[in-house]
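Taking it in order: structure first as structure tokens, then the write-up.
The values are calculated or read from the model by the stated rules, or taken from the named source; none is laboratory data. Keep in mind it's a predicted model, so treat the numbers as computed, not measured. Glycine gets a Cβ as well: all are built from the backbone with ideal geometry, and neighbour counts include every protein chain shown.
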Amino acid sequence: MPAQDELRRRRLQQAVRQIVRLRELGPKTPRWGRAWKRLLWRYQGVLKEEKQMIRAQEFKTGRSFVGRLPEDGDITAALTSFCREKEIHTGWITAIGTVRWAVLGFFDQETQAYQRIPIEQEMEIVSCQGNVSLKGGDPFVHLHAILSDKEGKAYAGHLFESEVFVGEFWLQELQGPVLQRKEDPQTGLSLWEILESRLDPSAEPGLPGLSGKEF
Ligand code: ZN
């Protein structure tokens, strides 16, 4: 989509968002209601489009690393320091192995807080995967895992802590724009800041934030 069209579309979306916000704050007179309905009808196409809009940036595959997770180490901490050492800022990670214990997490969407799930027993890492991006300028590893016990029963969730018995990993570096995590007040999570979404209505096409190619 040409940059100008994209800019126009974004400005329209921002106008709609502003109207929604104003409506929530302002008095709901019948006249307001009718005006709102007209606007809604006029912009419903844009709203629909906004709901389905994927925000993404393009990356190229960089270096690929295959190795062993450190025995007695913590998966997340070990991979974080590996990324720091190899200067990996963005990438995708997958791992298998066994752990002595682990602490998984479940994010409660209502309270916007993590519930910690400690599992004090040895388990197989059936699947562990996640990514690396930057948070505060430092590599940040985000992992999820499915672990299984001696009966083959599975535990799964966000991976907080673990003690590795043995393990193997594959890390695929991705090269491209800076992928940074930022606190998101709406969800209470640290989410990726996709440059496209930061569009300033006063910005001119071609400035950083439009294509992400400047990095
Ligand atoms: Zn998670």
Residue check for PRO118: more than 20 Å from LEU79 (Cβ to Cβ) and surrounded by 15 or more Cβ atoms within 10 Å (Cβ to Cβ): no
Lone unmet requirement of (1) at negative phi; (2) surrounded by 12 or more Cβ atoms within 10 Å (Cβ to Cβ) for ARG55: (2)
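Does ALA77 satisfy the criteria of being within 30 Å of ILE194 (Cβ to Cβ) and within 16 Å of the ligand (Cβ to nearest atom)? Steps first, answer last, please.
Details: within 30 Å of ILE194 (Cβ to Cβ): yes; within 16 Å of the ligand (Cβ to nearest atom): yes.
Here the answer is yes, as ALA77 does meet what is asked.
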Criterion: within 13 Å of the ligand (Cβ to nearest atom), outside the structural domain of ALA15 (by TED's automatic domain parsing) and within 16 Å of the chain's Cα centre (by Cα) - qualifying residue of LEU134, LEU189, LEU195: LEU189
Filtered residue count, the stretch 114-131, keeping only those that are more than 16 Å from the chain's Cα centre (by Cα), in a strand (DSSP E or B) and not hydroxyl-bearing (Ser, Thr, Tyr): 10
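So is GLU124 surrounded by fewer than 16 Cβ atoms within 10 Å (Cβ to Cβ), acidic (Asp, Glu) and away from the ligand (no atom under 16 Å from the Cβ) or not? Break it down into steps so the answer makes sense when it comes.
On the way: surrounded by fewer than 16 Cβ atoms within 10 Å (Cβ to Cβ): no; acidic (Asp, Glu): yes; away from the ligand (no atom under 16 Å from the Cβ): yes.
For GLU124, the condition - surrounded by fewer than 16 Cβ atoms within 10 Å (Cβ to Cβ), acidic (Asp, Glu) and away from the ligand (no atom under 16 Å from the Cβ) - is not met.
Does ARG84 fit the bill of being among the basic types (Lys, Arg) and either touching a residue at least 60 places away in the same chain (Cβ under 8 Å) or within 15 Å of HIS144 (Cβ to Cβ) (or both)? Step through it out loud before you land on a result.
Details: among the basic types (Lys, Arg): yes; either touching a residue at least 60 places away in the same chain (Cβ under 8 Å) or within 15 Å of HIS144 (Cβ to Cβ) (or both): no.
Judged against the criteria, ARG84 is not a match.
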Failed item, numbered, when SER81 is tested on (1) over 23 Å from ASP184 (Cβ atoms); (2) part of a strand (DSSP E or B); (3) not basic (Lys, Arg): (2)
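Quick one: would you say VAL126 is without any contact (Cβ under 8 Å) to a residue 60 or more places away in the chain and closer than 23 Å to GLN180 by Cβ? Reasoning before the result, please.
Values: without any contact (Cβ under 8 Å) to a residue 60 or more places away in the chain: yes; closer than 23 Å to GLN180 by Cβ: no.
Spelling it out, it is not the case that VAL126 is without any contact (Cβ under 8 Å) to a residue 60 or more places away in the chain and closer than 23 Å to GLN180 by Cβ.
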Selection count where residues are more than 16 Å from the ligand (Cβ to nearest atom) and in a strand (DSSP E or B), scope the stretch 140-160: 2
Extreme residue, nearest to GLU71 (Cα to Cα), among residues of the stretch 161-186 that are over 16 Å from the mean Cα position of the chain (by Cα) and within 16 Å of the ligand (Cβ to nearest atom): SER162
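Go over the candidates LEU40, LEU69, LEU12 one by one and state the one that is at pLDDT below 80 and in contact with a helix residue (DSSP H, G or I) (Cβ under 7 Å, 6 or more places away or on another chain). Show your work before the answer.
On the way: LEU40 fails: in contact with a helix residue (DSSP H, G or I) (Cβ under 7 Å, 6 or more places away or on another chain); LEU69 fails: at pLDDT below 80.
Result of the check over LEU40, LEU69, LEU12: LEU12.
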